[in-house]
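Following: one structure in structure tokens, then a few remarks.
The values are calculated or read from the model by the stated rules, or taken from the named source; none is laboratory data. Because the structure is predicted, anything quoted here is derived from the model rather than measured. Cβ sites come from the backbone with ideal geometry, for glycine too, and all protein chains shown count toward neighbours.
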Amino acid sequence: MEDILILAIESSCDETACAVVKNGREVLSNVIHSQIPIHTLYGGVVPELASRKHMEKINPVIRKALADADRSLDDMDAIAVTYGPGLVGALLVGVAEAKAIAFARHKPLVGVHHIEGHVAANFIENKDLEPPFLCLIVSGGHTHLVIVRDYGVYEILGRTRDDAAGEAFDKVARAIGLGYPGGPKIDREAKDGDPDAIVFPKPKMADNPYDFSFSGVKTAVLNYLNGEQMKGREVCRADVAASFQKTVVEVLTEHTMLAAKTLGMKKVAIAGGVASNSALRSAMEEACAQRGFSFYRPSPGLCTDNAAMIGCAGYYEYIKGVRHGWDLNAVPNLRLGQR
């Protein structure tokens, strides 16, 4: 079988990324230009600024990815690109670039679901991992518990009813004065705090034990901060971060372990930006070890937005025969499993 090379482009939020991936699981290059320093000034991602920076950086990023892989556009078998979900302006930059390259070089075009890319990141470093397996997807905009039945085939067991886990991290980080990006800053701050200092609520959904809700714990943190301020007490930021993080991690872990046990799943994976959280990784690893489950997670650099994961997911779509036309468009609210 001849090698298949995929040029992958990712621009769904505030990272401009390009990668060259061979046979789905071998990353020849993975270049990321992060906009975090710019958006930190505003306390979060500014969509218009993100789009403009993507336009400025996408060509240099692609050139570097090809140079790092020591390959040319003519060597590529297909062009894969994230087309949703994400910020519509940011997505459009990547989609337009991918269509232009595919058209000019007569290459197949493969649109990739961003969240499916996060799941596929697990395949890159875990060569033995094959579907089916259970996957917890946790990011700034999504919290899903799914069974990966096959490559690109998902059964959604549960999802968030309100705030995603990453969204709650960002809002709590802002409330305690840590700023953007909230997830990594909460993770670092929590290391100096007592996770048992404050008890925050852990909501459960009566009609679906696999669904999530994080608006309640976020509100509980805000109420705690307001209450301490009204009483004139000094708040220990590290204790708040540690207690909040413990609550969220316990909810994510408990739901995942319940699903794995109930459904007889022996392989468990995590994916998405929040999957880089050290407390979540540790808790999931320990919980899986106690129950005899195999645990998989991408390295932290592959949890956050990158193009290698899009190249991996794009490869499996490509070999299934998925092709997109020149009418491929950005779909900012694309749902998991939607085509």
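Worth a mention:
- Complete set of residues in region 267-293 that are over 18 Å from the mean Cα position of the chain (by Cα) and in contact (Cβ under 8 Å) with a residue 40 or more places away in the chain: LYS267
- When the test is whether a residue is in contact with a Ser or Thr (Cβ under 8 Å, 6 or more places away or on another chain), assigned by TED's automatic domain parsing to the domain that holds PHE244 and surrounded by 15 or more Cβ atoms within 10 Å (Cβ to Cβ), ALA220 does not pass it.
- LEU5, sole failed condition from (1) at pLDDT 95 or above; (2) within 15 Å of ILE58 (Cβ to Cβ): (2)
- Residue ID - surrounded by the fewest Cβ atoms within 10 Å (Cβ to Cβ), chosen from residues in region 46-75 that are within 11 Å of ALA17 (Cα to Cα) and β-branched (Val, Ile, Thr): ILE58
- Among residues of region 156-170, those that are surrounded by 18 or more Cβ atoms within 10 Å (Cβ to Cβ) and either touching a helix residue (DSSP H, G or I) at 6+ places or on another chain (Cβ under 8 Å) or assigned to a helix (DSSP H, G or I) (or both), counted: 9
- Among (1) modelled with pLDDT under 95; (2) closer than 30 Å to GLU234 by Cα, the one test that ALA173 misses: (1)
- A single entry from LYS266, LYS231 fulfils the requirement of being surrounded by fewer than 16 Cβ atoms within 10 Å (Cβ to Cβ) and touching a Ser or Thr at 6+ places or on another chain (Cβ under 9 Å): LYS266.
- When the test is whether a residue is touching a Phe, Trp or Tyr at 6+ places or on another chain (Cβ under 6 Å), closer than 23 Å to PHE214 by Cα and either at pLDDT below 95 or surrounded by fewer than 18 Cβ atoms within 10 Å (Cβ to Cβ) (or both), GLU285 passes it.
- Index of the failed condition, GLY140 passing every other in (1) under 19 Å from the mean Cα position of the chain (by Cα); (2) in a helix (DSSP H, G or I); (3) under 14 Å from ASN277 (Cα atoms): (2)
- Of the residues making up region 94-117, those that are crowded, with 24+ Cβ neighbours inside 10 Å, assigned to a helix (DSSP H, G or I) and touching a helix residue (DSSP H, G or I) at 6+ places or on another chain (Cβ under 6 Å) are GLU116, GLY117.
One line per residue, one yes/no per condition, for (1) part of a strand (DSSP E or B); (2) at pLDDT 95 or above:
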residue	(1), (2)
SER12	no, yes
CYS18	yes, yes
GLY24	no, yes
VAL27	yes, yes
VAL31	yes, yes
GLY44	no, no
SER51	no, yes
LYS57	no, yes
PRO60	no, yes
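- Boolean, SER276 is in contact with a helix residue (DSSP H, G or I) (Cβ under 9 Å, 6 or more places away or on another chain), surrounded by fewer than 19 Cβ atoms within 10 Å (Cβ to Cβ) and modelled with pLDDT of 95 or more: no
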